[in-house]
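Report on the structure given below.
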Amino acid sequence: MVKRAGGNHATTAKRVATHAVLVGGSIVALYPVLWVLKMAFSEGRTFAASASPIPDSLSLGHFVRVVGTTGSDGSWLFGRQLMNSFLVSGATTVVGIIIATTAAYAFSRFRFAGRESTLAAFLVTQMFPGTMVMIPLYVLLDRLLLLDTWTGLVLVYSSSALPFCVFMLKGYFDTIPTEIEEAARLDGASQLRIFWSLILPLARPAIAITALFSFMTAWNEFILAATFMGKDASYTLPVVLRSYVGERSADWGAFAAGAVLVSVPVMSLFLFLEKHLVGGLTQGAVKG
Amino acid sequence: MIAVRRRTQVAFVAPALILLSGVTVYPLLHVVWLSLRRRLLIFDIDRFVGLSNYRRLLGDDRFLSALANTAYFCGVSVALELVLGVSVALVLNRVRRARGVVMAIVLLPWAIPTVVSAKMWAWMFSADYGVLNYLLGRPVNWLGSPFWALNAAILMDVWKTTPFVVLLVMAALKEIPEDLYRAVRVDGAGRIGTFWYVTLPLVAPMLVIVAVFRTLDAVRVFDAVFVLTGGGPAGTTETLSVYAYELLFQTLQFGYGSTVALSVFLIALLLTGGYLLVLRRLPSRL
């Protein structure tokens with residue numbers, strides 16, 4: 001009896017603690033974000049000192065200003081930059097998925113010479129600091145005539161998310177039993193067919209994560225984009241965003257509105273894929 | 001038959017290998033070559049100097065201070081992220097109702113582009129109009145004081161990347177069989193005992209991997225510090241990557257700048273080696 005009462009007590013305390021952590025964590029996670037929303041939807045360029053992230057007034061002025069940005073020749077600059085962001089990130093995602101799934105499948109299923117060391121080399125490329133490769137990549141893209149092009153950025157971005165995606169996908173492929181493949185092979189299916197119509201559908205959760213990672217890498221990156229792209233019309237949105245608040249200007253309203261616009265696509269993709277997130281990751285990835 | 005299979009197998013790895021070697025191996029060789037030269041194009045200087053750039057590192061106070069900053073940033077942020085990440089993941093793992101919504105909120109900071117979060121925190125930290133000082137009721141010069149500025153960068157990094165740790169730890173927790181918990185409880189283990197003897201050992205391999213990826217990111221930290229403090233005040237928050245960037249793009253010292261950038265890579269390589277040794281020693285009890 002006594003023990004049972006104690007148990008109940010512990011559960012209540014546990015429940016309170018759980019909720020405290022969740023509420024606290026949510027506030028910490030949300031508070032800065034709510035502030036950006038407040039700035040974005042407020043009027044004017046100054047904000048009265050206040051701790052509340054609830055806006056006093058609602059206005060779309062900043063959004064209209066940011067979206068309506070035009071270039072010196074009168075063309076719709078914001079639209080152009082939005083398209084740059086979408087095309088570069090979309091292409092990076094597609095290229096990333098194709099390259100990461102094929103490589104991860106090979107590492108998971110085939111036993112070839114140098115397999116272990118190639119995997120290790122993949123991890124090594126994850127250690128390159130961005131500043132280290134900036135100049136050589138600039139020179140390389142320049143020689144290939146890819147500076148100021150989408151192709152150049154897509155090549156660089158799809159390689160930077162690759163090692164993590166390959167490790168993750170390999171871990172997932174490892175958990176898929178090989179028996180199904182053997183059966184298909186006996187029925188005369190080719191390797192490519194097995195991969196395409198058997199393995200890929202089974203690995204959907206892990207592919208969702210690969211897509212998310214590749215898209216996020218490309219969508220959020222701004223240093224390389226600012227370095228490799230030479231003119232306003234070829235910038236991606238994060239590069240533009242940074243220029244709103246910098247040495248020359250402090251237009252927080254425009255920055256916040258732009259921040260909301262830039263975050264919406266990533267968030268949507270994130271929420272759309274969220275249910276796959278935990279399921280797609282496995283500890284298998286660490287067993288090499 | 002076998003030859004055909006070989007060829008298919010090669011075709012599967014080839015795209016990744018070609019892309020990675022083009023975009024990483026070539027730049028690496030190029031950087032090594034640059035690091036052996038004294039190259040100041042504005043003064044028309046470009047000559048081979050052997051290892052002298054590497055010797056210069058050891059006597060360069062700014063390099064040593066950037067090294068110390070990087071070590072501090074890396075150690076504190078990764079430790080905090082792991083502890084907080086595991087705690088939040090354990091709590092989230094118990095949530096049954098509205099789990100999707102809670103997950104979405106907790107993961108939010110990770111989904112926000114770095115430019116946005118860094119600028120947003122710069123605004124919150126602002127001494128004059130920042131909301132943090134308003135909440136505190138007294139003016140702390142967060143980004144202008146040598147002590148606070150680097151910690152501010154750490155705070156932002158922890159805010160942004162703890163969700164990533166939570167996500168991966170939850171994936172590991174998911175694989176622990178419920179029976180195991182029940183068995184330990186029958187044996188009379190308390191909450192702490194269960195965590196120590198069941199949860200922690202089984203999550204450990206994933207923790208090492210998370211630690212590797214987080215450490216690699218923290219050692220190379222650039223955009224968070226660069227956007228938040230720009231390396232200031234007076235270079236007190238300058239990390240190795242920021243210093244390398246300054247050398248390469250502000251003062252255009254391609255040779256020495258490459259040497260500093262390369263040192264970041266070598267440190268990352270050493271640390272990963274260390275982690276892998278740990279990983280190999282872990283008893284695999286799964």
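The values are calculated or read from the model by the stated rules, or taken from the named source; none is laboratory data. Everything numeric in this text was worked out from a predicted model, so none of it was measured. Glycine also receives a Cβ, built like all others from the backbone with ideal geometry; neighbour counts cover every protein chain displayed.
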Just to be sure, is A:Ser89 over 24 Å from the mean Cα position of the chain (by Cα) and touching a residue at least 12 places away in the same chain (Cβ under 8 Å)?
-> no
Over 30 Å from A:Ala250 (Cβ atoms) and assigned to a helix (DSSP H, G or I): does that describe A:Leu37?
-> no
Going by the structure shown, is A:Leu241 surrounded by 18 or more Cβ atoms within 10 Å (Cβ to Cβ), under 25 Å from the mean Cα position of the chain (by Cα) and in contact (Cβ under 8 Å) with a residue 60 or more places away in the chain?
-> no
Any idea which residue in the range B:194-249 is nearest to the other protein chains (Cβ to nearest Cβ), counting only those that are farther than 22 Å from B:Leu276 by Cα and acidic (Asp, Glu)?
-> B:Asp223
Inside the range A:98-117, the number of residues satisfying the requirement of being assigned to a helix (DSSP H, G or I) and surrounded by fewer than 19 Cβ atoms within 10 Å (Cβ to Cβ) is 4
If we ask which residues in the range A:140-163 are surrounded by fewer than 21 Cβ atoms within 10 Å (Cβ to Cβ) and either more than 7 Å from chain B (Cβ to nearest Cβ) or part of a loop (DSSP other than H, G, I, E, B) (or both), their number turns out to be 10
Scanning the range B:256-286 residue by residue, the ones that are more than 11 Å from every other protein chain (Cβ to nearest Cβ) and part of a helix (DSSP H, G or I) total 5
If you take the residues in the range B:185-207 that are of a type in the set (A, V, I, L, M, F, W, C) and surrounded by fewer than 17 Cβ atoms within 10 Å (Cβ to Cβ), which one is nearest to B:Val115 (Cα to Cα)?
-> B:Leu200
Qualifying residues in the range B:120-147 (those that are part of a helix (DSSP H, G or I) and buried (at least 19 other Cβ atoms within 10 Å of the Cβ)) - the one farthest from the other protein chains (Cβ to nearest Cβ) | B:Phe125
Within the range A:173-184, can one find any residue that is at pLDDT 90 or above and either within 12 Å of chain B (Cβ to nearest Cβ) or in a loop (DSSP other than H, G, I, E, B) (or both)?
-> yes
May I ask you to list the residues in the range B:148-183 that are small (Gly, Ala, Ser) and more than 14 Å from chain A (Cβ to nearest Cβ)?
-> B:Ala149, B:Ala153, B:Ala183
First in the range B:39-52 and under 14 Å from B:Gly257 (Cα atoms), second anywhere and part of a helix (DSSP H, G or I), Cβ under 6 Å, 6 or more apart = B:Arg39/B:Phe254; B:Arg39/B:Gly255
Provide a single number: the residues in the range B:7-48 that are aliphatic (A, V, I, L, M), touching a strand residue (DSSP E or B) at 6+ places or on another chain (Cβ under 8 Å) and either within 8 Å of chain A (Cβ to nearest Cβ) or buried (at least 17 other Cβ atoms within 10 Å of the Cβ) (or both).
-> 1
Across the range A:10-54, which residue is modelled with the lowest pLDDT among those that are over 20 Å from B:Gly100 (Cα atoms) and of a type in the set (Phe, Trp, Tyr)?
-> A:Phe47
So, of the residues in the range A:60-89 that are assigned to a helix (DSSP H, G or I) and among the small types (Gly, Ala, Ser), which turns out to be surrounded by the fewest Cβ atoms within 10 Å (Cβ to Cβ)?
-> A:Gly79
Would you check if there is a residue in the range B:177-186 being in a helix (DSSP H, G or I), at pLDDT below 85 and closer than 26 Å to A:Met168 by Cα?
-> yes
Tell me which of these A:Met134 doesn't satisfy, since it passes every other one: (1) of a type outside the set (Val, Ile, Thr); (2) in a helix (DSSP H, G or I); (3) without any contact (Cβ under 8 Å) to a residue 12 or more places away in the chain; (4) at the interface with chain B (Cβ under 9 Å from one of its Cβ atoms).
-> (3)
Being of a type outside the set (A, V, I, L, M, F, W, C), outside any helix (DSSP H, G or I) and modelled with pLDDT under 85, is that true of even one residue in the range B:159-176?
-> yes
β-branched (Val, Ile, Thr), surrounded by fewer than 20 Cβ atoms within 10 Å (Cβ to Cβ), out of contact with any Lys or Arg (no Cβ under 7 Å at 6 or more places or on another chain) and facing chain B (nearest Cβ under 10 Å) - does that describe any residue in the range A:202-214?
-> no
Please state which of the following conditions A:Thr210 fails to meet, knowing it meets all the rest: (1) farther than 19 Å from A:Leu281 by Cα; (2) part of a helix (DSSP H, G or I); (3) of a type outside the set (Lys, Arg).
-> (1)
Can you spot a residue in the range B:104-114 that is more than 7 Å from chain A (Cβ to nearest Cβ) and surrounded by fewer than 15 Cβ atoms within 10 Å (Cβ to Cβ)?
-> no
Out of (1) in contact (Cβ under 8 Å) with a residue 12 or more places away in the chain; (2) closer than 25 Å to B:Arg220 by Cα; (3) more than 8 Å from every other protein chain (Cβ to nearest Cβ), the odd one out for A:Val266 is which?
-> (3)
Only one of (1) buried (at least 16 other Cβ atoms within 10 Å of the Cβ); (2) more than 16 Å from the chain's Cα centre (by Cα) does not apply to B:Pro163, and that is (2)
2 or more residues of a type outside the set (Phe, Trp, Tyr) and within 30 Å of A:Thr102 (Cα to Cα): qualifying helices (runs of 4 or more DSSP H) within the range B:11-99 | B:26-35
